[in-house]
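Since the structure comes first, as structure tokens, the remarks are kept for the end.
The values are calculated or read from the model by the stated rules, or taken from the named source; none is laboratory data. Just so it is clear, the structure is predicted and the values come from calculations on it, not from any experiment. With ideal geometry, Cβ positions are generated from the backbone for all residues, glycine too; neighbour counts draw on all protein chains shown. Ligands, DNA and RNA are stripped out before the accessible areas are found, and what is left, the full protein with its side chains, is counted by its heavy atoms. Shrake-Rupley method; radii C 1.70, N 1.55, O 1.52, S 1.80 Å.
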Amino acid sequence: MKRIFSGIKPTGILHLGNYLGAISQWIDLQYKVDESIFCVVDMHAITVERPEKLSENILNIAAWYLACGIDLEKSKIFVQSMRPEHAELAWILNCFSTMGELGRMTQYKEKSEGKKDSVSVGLFDYPILMAADILLYGATDVPVGEDQKQHVELARDLAIRFNNQYSGTFIVPEPIIDASVRRIKALDNPAKKMEKSAGSEYNYVALDDSPELIRKKISRAVTDSGSEIVAREDKPAMTNLLNIFSGVSGRDIKSLEADFVGKGYGDFKKALAEEIILFLEPKQAKYKEIIADKDKLRKILTDGAKSVEPIAQKTLAEVKKKIGLGI
Ligand code: TRP
């Protein structure tokens, strides 16, 4: 039995990097596994700052899940904070992990750099909450980006550690890091990943950007020196743009390179912008429809939280019983 679990933090808008690097993979996987659960991980969204309009963001992300093709016949979607078991299991797992192992987490080290004593305990503890998300539902496989692999490994370590003491409690999850999944970089800095919380909106193409804005952002995207339109290690900017082109058009990079032999960056960028617009249009239309009926969306999420309740409660009850918590 294969069950996948994954989630995105509602810290802001979604962009092409989220789609090509995560959501598109979820859409495929949901038809290949027995069960899939996709979460809007709102409690993870408050570790660094409390995003404005958090509640609104949560609904937006859920609406995008559906607009992009998460199929409620196949998958469950819900909001993390609507299931109290996450925080409860996280507390218990806290007591099974060490300061040392959390202090070694790359994401923590990066985000706390230069401000170690003033970052929140929540930022430090973030991977434990993520482990709770995964272990609570007995996920066998966790599709994530390369940057989250270490966190899934921690979830594995905790599951194994707990099982060593209290046998057979947790399913030990595997990360799914699909090499074919595109790691989309920032338009204004191909050395970094596309990121919504980055300073400039020229970093990303949001899923709800208008055609004009998309044209403007792509025309301003950083390029490499020279003029060749090829994906190569010494051409990180063009590699990234070709990767995006391939992702939104479904065409392979080689054939795109062949199309643009002898053409300039300007022609390429124009074609890319139109391809992105074409790709996003139907999803944007669907998104608008879904977000227009917030009551219906809230009901989908409430039903989703209810539908995962039995799994979450069963795991948590077993954990508490084995440790001896409660009477
Ligand atoms: N930490 C993940 C990220 O930033 C989001 C996340 C939270 C997650 N809980 C999860 C992903 C559980 C997979 C499974 O991308």
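What is the one condition in (1) in contact (Cβ under 8 Å) with a residue 40 or more places away in the chain; (2) open to solvent by less than 10 Å² (accessible area, probe 1.4 Å); (3) within 12 Å of the ligand (Cβ to nearest atom); (4) within 28 Å of residue 121 (Cα to Cα) that residue 45 does not satisfy?
Single failed check for residue 45: (1).
Would you pick out the residues in the stretch 208-229 that are within 23 Å of residue 196 (Cα to Cα) and β-branched (Val, Ile, Thr)?
Once the filter is applied, which keeps residues that are within 23 Å of residue 196 (Cα to Cα) and β-branched (Val, Ile, Thr), the stretch 208-229 yields 214, 218, 222, 223.
Looking at this structure, is residue 223 within 21 Å of residue 279 (Cα to Cα) and modelled with pLDDT of 95 or more?
The answer is no for residue 223.
Please work out which one of (1) assigned to a helix (DSSP H, G or I); (2) hydrophobic (A, V, I, L, M, F, W, C); (3) away from the ligand (no atom under 12 Å from the Cβ) is the condition residue 72 fails and give its number.
The failed condition is (1).
Can you tell me which condition residue 167 does not meet? The list is (1) open to solvent by 20 Å² or more (accessible area, probe 1.4 Å); (2) in contact (Cβ under 8 Å) with a residue 24 or more places away in the chain; (3) not charged (D, E, K, R), and all the others hold.
Of everything listed in (1) open to solvent by 20 Å² or more (accessible area, probe 1.4 Å); (2) in contact (Cβ under 8 Å) with a residue 24 or more places away in the chain; (3) not charged (D, E, K, R), residue 167 misses just condition (2).
Are any of the residues in the stretch 93-107 under 24 Å from residue 193 (Cα atoms), surrounded by 16 or more Cβ atoms within 10 Å (Cβ to Cβ), modelled with pLDDT of 95 or more and within 12 Å of the ligand (Cβ to nearest atom)?
Yes; the residues of the stretch 93-107 include at least one that is under 24 Å from residue 193 (Cα atoms), surrounded by 16 or more Cβ atoms within 10 Å (Cβ to Cβ), modelled with pLDDT of 95 or more and within 12 Å of the ligand (Cβ to nearest atom).
Taking the stretch 133-155 as the search range and keeping residues that are part of a helix (DSSP H, G or I) and open to solvent by 10 Å² or more (accessible area, probe 1.4 Å), which one is nearest to the ligand (Cβ to nearest atom)?
148
Run residue 177 past the list (1) in contact with a Lys or Arg (Cβ under 7 Å, 6 or more places away or on another chain); (2) away from the ligand (no atom under 15 Å from the Cβ); (3) modelled with pLDDT under 95 and report the number of the one that doesn't hold.
Evaluating residue 177 over (1) in contact with a Lys or Arg (Cβ under 7 Å, 6 or more places away or on another chain); (2) away from the ligand (no atom under 15 Å from the Cβ); (3) modelled with pLDDT under 95 leaves (2) as the failure.
Residue 110 fails exactly one of the following numbered conditions: (1) at pLDDT below 95; (2) out of contact with any Gly (no Cβ under 9 Å at 6 or more places or on another chain); (3) not in a helix (DSSP H, G or I). What is the number of that condition?
Against the list (1) at pLDDT below 95; (2) out of contact with any Gly (no Cβ under 9 Å at 6 or more places or on another chain); (3) not in a helix (DSSP H, G or I), residue 110 comes up short only on (3).
Kindly indicate whether residue 295 is open to solvent by 40 Å² or more (accessible area, probe 1.4 Å), touching a Lys or Arg at 6+ places or on another chain (Cβ under 9 Å) and on the phi < 0 side of the Ramachandran plot.
Spelling it out, it is not the case that residue 295 is open to solvent by 40 Å² or more (accessible area, probe 1.4 Å), touching a Lys or Arg at 6+ places or on another chain (Cβ under 9 Å) and on the phi < 0 side of the Ramachandran plot.
When you go through (1) under 17 Å from the mean Cα position of the chain (by Cα); (2) farther than 21 Å from residue 293 by Cα one by one for residue 84, which number turns out not to apply?
(1)
Determine whether residue 248 is assigned by TED's automatic domain parsing to the domain that holds residue 285, hydrophobic (A, V, I, L, M, F, W, C) and outside any helix (DSSP H, G or I).
The answer is no for residue 248.
For residue 10, which of the numbered conditions (1) within 14 Å of the ligand (Cβ to nearest atom); (2) part of a loop (DSSP other than H, G, I, E, B); (3) open to solvent by 10 Å² or more (accessible area, probe 1.4 Å) fails to hold?
Only one criterion is unmet by residue 10, namely (3).
The conditions are (1) part of a helix (DSSP H, G or I); (2) within 14 Å of the ligand (Cβ to nearest atom); (3) open to solvent by 20 Å² or more (accessible area, probe 1.4 Å); (4) more than 22 Å from residue 285 (Cβ to Cβ), and residue 90 fails exactly one of them. Which is it?
(3)
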